[in-house]
Amino acid sequence: MNISKIYQKNKNLCFYVFKKFDLLYMTYNKEILSTSNISIGYHSKGKNTIIAENLNISLEKGKLVALIGANGIGKSTLLRTLTGIQKPLSGSVFLNNTNIQEYEPLALAQQMSLVLTEKLPPSNLTVFELIALGRQPYTNWIGKLTPQDITKVNEAMHLTQISSLATKKHYEISDGQLQKVLIARALAQDTPLIILDEPTTHLDLLHKVSVFKLLKKLAHETGKCILFSTHDIDMAIQLTDEIIIMTPQTVEQNQPCNLISKGSFATLFQDEHITFDSEKGKFNFN
Amino acid sequence: MQNSKRNNTLFLVLTLLLLFLFLLNISLGSVAIPIKEVFKSLIGENLSKETWQYIILNYRLPKAITAVLVGMGLSISGLLMQTLFRNPLAGPYVLGLSSGSSLGVAFVVLGAGLLPEFATSLLLSSYGIVLASCLGSFLVLLAVLFVSHRLRDTMAILIVGLMFGSFTSAIVGVLTYFSTAEQLQKFTFWSLGNIGNLSWTSISILSISVFVGLLLSLFSIKPLNALLLGENYAKSLGLNYSKSRLIILFATSILAGSITAFAGPIAFVGLAVPHIAKLAFQTSNHTVLFWSTLLFGAIIMLICDIFSHFPGSDLILPINAITSIIGAPIVIWLLIRKQKMMG
């Protein structure tokens, strides 16, 4: 009896010390996701098709990072690799210093949430129910929402300013509103990392800007790291903290102003009709 | 919050309706027994007429229980399929499970002449038919699992289900050439569906199978809700997709296979009832849909059975005709009325 009690006490103590160290480590280390010389691409019929090599990407807390590149350059492949859906051909992706391929699905869902481009299947889900599904990694076997879960959902709706839509069906709202709802769902999932695939496509200028500003606000206020792919380069230059730029030659990650002074944007599109004006930070078409 | 109040009222009404219909189903038939007497008999009191007691215990009660089990099981298997395949028209039929059962039974009943004497008598017993049916639906399940593993495409699985339907009817067509009129009659009666002739042993086997199927479905509620966002979102929410899909497919095949074995292929219940539940409760949340589909399934099957027994006469119509007459227009009406609701 005594022995088991002592063991129990020590176990708790060990756990406590371990947890403290973990917290200490987390506050000093802002890096959430990193890659070590990965090469990405596809493996089929015994052959490797390499899309990009020697990628070193580092994503830190509280930063809004845009991924840009021409169509077909491999943005989706890179995102699929960073989210662990696809294995890199060589090298590893590390999430909180653990190889992402070693994560259990549930543990991964508590670290990383996604906003995808695919259309939602037809259903009767209300906005509230849709966002509440983001709590699934935390709910019990039947998915019952605790008061804490409901608070998180309400917080997510408040941050994205869609509280008034809560009881609407998800097919009754506009595309711009739906995009915010999907972002709120990712927020409700309460993960340090959110990855979005082209969240501003199909939106008009007004809603593009509002999604960009929302993402920036969320990254800075909640301390999450937000990575998203986009084709709105001028907005990305003005509104993000860092840009990952994919060209046929290299993949670079840096602050927008540094990338401009290095002339990286000029190599983005291999077309004589599109030139980059590095003083204005804008593309010219002639 | 207003919604949950409305739901609770609906659940209460449906439960009371189910209890009432259960008693009504027992009381109606070629010999009408007053509902009061039915109630007395069920709580163990003696009845004024001994024949009534006999009729209730040996005919009416087994039939009513079978109707409830069949209605619940088929409806839930339909609900599981519709969410898993993101297809409002999915059901045990579309997946080909019922076709597989039919094929098994057709081989035993129609192909019996091709087998040696002793095997024939063994297979043509009611147990032989049950076994053949379960085996048929299980083989289709294995085929579907194989295809789904290979293709990872939900539309392809549905097409495979349709192909099984065509395949079955073609084989049955061929078998009819080799069978006697008597065999053909037996198969035709089975395929029309019958929930009236089950022994208590059969009912207990059916109950256990349906219970297992429903229990597996209950544990699939959370994955089903995640699947409302599509496969990729569900995976990003930590869902073990292949495991959940396997459980859902198993639940469906146990429900559809055992029910088809005992009661014949019963059409439209699996397809129509989930839609009625979705329409009544205006939700896609499977926690609500599970219970409402259970209740609606039992209620509708009891109603269909009451109609098939043509109150006050000896005439018994095939249950399959009734479910199709009621079910088919409901599905068409649903499709026209609200495209978006389906799901």
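Observations, loosely collected:
- DSSP bridge analysis restricted to the protein assembly as shown gives an antiparallel fraction near 60%, rounded to the nearest 5.
- Debye intensity ratio I(q)/I(0), log10, the range B:147-293, q values 0.22 Å⁻¹ (C-alpha model): -1.49
- The value obtained for the range A:190-286, namely the Cα convex hull volume divided by the number of residues, is 119 Å³ per residue.
- Of all lysines in the structure, those lying under 17 Å Cα to Cα from A:LYS169, and not within fewer than 8 positions of it along the same chain, are A:LYS119, A:LYS180, B:LYS278, B:LYS338, B:LYS340.
- Annotation: the residues B:LEU214, B:LEU80, sorted from fewest to most other C-beta atoms within 10 Å of their own C-beta, follow the order B:LEU214, B:LEU80.
- Put simply, the convex hull of the Cα atoms in the range A:101-159 casts, on average, a shadow of 5.4 nm².
- Convex hull of alpha carbon positions in chain A: directionally averaged projected area 20.0 nm².
- With contacts taken as Cα pairs under 8 Å at a separation of at least 6 residues, the range B:10-337 carries a relative contact order of 31 percent.
- CD proxy at 222 nm, helix term only [per DSSP H run n ≥ 4: -39500 (n - 2.57); per residue of chain A; nearest 500]: -11500 deg cm²/dmol
- Kyte-Doolittle mean at least 0.0, axial Cα span of 30 Å or more - DSSP H helices of chain B: B:2-27, B:61-84, B:126-151, B:154-177, B:241-263, B:286-308
- Taking other Cβ atoms within 10 Å as a rough exposure proxy, A:ASP190, A:ASP277 sort from fewest to most as A:ASP277, A:ASP190.
- P(r), alpha carbons of the range B:280-321 - 5 Å bins starting at zero, rounded %: 5, 21, 20, 15, 12, 11, 8, 5, 2
- Environment charge of A:LEU214, counting only residues whose C-beta is closer than 12 Å and scoring Lys/Arg +1, Asp/Glu -1: +4
- Assuming charge only on the beta carbon of Lys and Arg (+1) and of Asp and Glu (-1), the dipole of the range B:10-337 about its Cα centre is about 840 debye to the nearest 20.
- The residues packed around A:GLY143, meaning those with a beta-carbon under 12 Å from its beta-carbon, carry a net charge of +1 if Lys and Arg are +1 and Asp and Glu are -1.
- In percent, rounded to a whole number, the relative contact order of the range A:225-286 is 23, using alpha-carbon pairs under 8 Å and six or more apart.
- Normalising the Debye intensity of the range A:93-212 to I(0), with uniform scatterers on Cα atoms only, and taking log10 at q = 0.09, 0.19, 0.23 Å⁻¹ returns -0.26, -1.07, -1.39.
- Phi-based couplings in Hz for the range A:73-80 (Karplus 6.51, -1.76, 1.60; Gly and Pro marked x): 7, x, 4, 5, 4, 5, 5, 4
- Ranked A:VAL209, B:VAL269, A:VAL127, B:VAL13, criterion: other C-beta atoms within 10 Å, fewest first: B:VAL13, A:VAL209, A:VAL127, B:VAL269
- Candidate lysines for bridging to B:LYS36, where Cα separation is under 20 Å - those fewer than 8 sequence places away on the same chain excluded: B:LYS49, B:LYS63
- For a straight C-alpha distance cut-off of 14 angstrom, the aspartates and glutamates reachable from A:LYS30 (same-chain residues fewer than eight places away being disregarded) are A:ASP22, A:GLU60.
- Size of chain B as Cα extents on the principal axes (Å, biggest first): 62, 59, 34
- Here the protein assembly as shown is treated as an ellipsoid with the same Cα gyration tensor; its semi-axes, largest first and in whole Å, are 57, 28, 24.
Values in this text are rule-based calculations from the coordinates and carry no lab data. Predicted model, so just to flag it, every value in this text is computed and none were measured. Cβ coordinates were reconstructed from backbone atoms using ideal geometry, including for glycine residues, and neighbour counts include every protein chain displayed.
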